[in-house]
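Remarks on the structure that follows.
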Ligand code: 5GP
């Protein structure tokens, strides 16, 4: 069940601020408050969905494509396509997800260490 009071829902409702990187009709990208790399951007769709799997269930094909094209747009805008980056989405308890609104982490700007 989607919790309307999760922190990213509050950011979408503009109840709390964010350091915006990109916004369009369907998605919002902003800098992580506790960056794990020199560049650490979070990307979220603007509709309520808890995880990657929930996003795929609820979004239609056009919206899924639009979201991932926006991820690529941000990658282009912050100029990391050629230096490299890591995309992560944590899902659920075992995945270590803290905020229950589906999001993609874009980590870049330096060599990202091993996952463990
Ligand atoms: P998760 O562990 O759910 O994949 O990642 C949640 C991310 O949200 C963490 O990297 C955390 O630093 C970030 N975060 C949590 N609260 C806020 C906030 O209020 N603003 C921003 N910009 N990021 C947040």
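The values are calculated or read from the model by the stated rules, or taken from the named source; none is laboratory data. What you see is a predicted model; the values in this text were computed from it and never measured. In this analysis, Cβ positions are derived from the backbone assuming ideal geometry, glycine residues included, and neighbour counts consider all displayed protein chains.
Give the stretch 94-116 a look and list any residue that's at positive phi and within 13 Å of the ligand (Cβ to nearest atom), or say none.
Correct list: 96 only.
Return the total of residues in the stretch 24-52 being away from the ligand (no atom under 11 Å from the Cβ), under 12 Å from the mean Cα position of the chain (by Cα) and not in a loop (DSSP other than H, G, I, E, B).
Summing the residues that are away from the ligand (no atom under 11 Å from the Cβ), under 12 Å from the mean Cα position of the chain (by Cα) and not in a loop (DSSP other than H, G, I, E, B) in the stretch 24-52 gives 3.
Restricted to the stretch 33-79, and to residues that are in contact (Cβ under 8 Å) with a residue 60 or more places away in the chain and more than 16 Å from residue 90 (Cβ to Cβ), which residue is surrounded by the most Cβ atoms within 10 Å (Cβ to Cβ)?
Here the answer is 39.
Report yes if some residue within the stretch 53-61 is in contact with a helix residue (DSSP H, G or I) (Cβ under 8 Å, 6 or more places away or on another chain), assigned to a helix (DSSP H, G or I) and within 15 Å of the ligand (Cβ to nearest atom); otherwise report no.
yes
Quick check: is even one residue across the stretch 80-93 surrounded by fewer than 16 Cβ atoms within 10 Å (Cβ to Cβ), modelled with pLDDT under 95 and within 16 Å of the ligand (Cβ to nearest atom)?
No, the conditions are met nowhere in the stretch 80-93.
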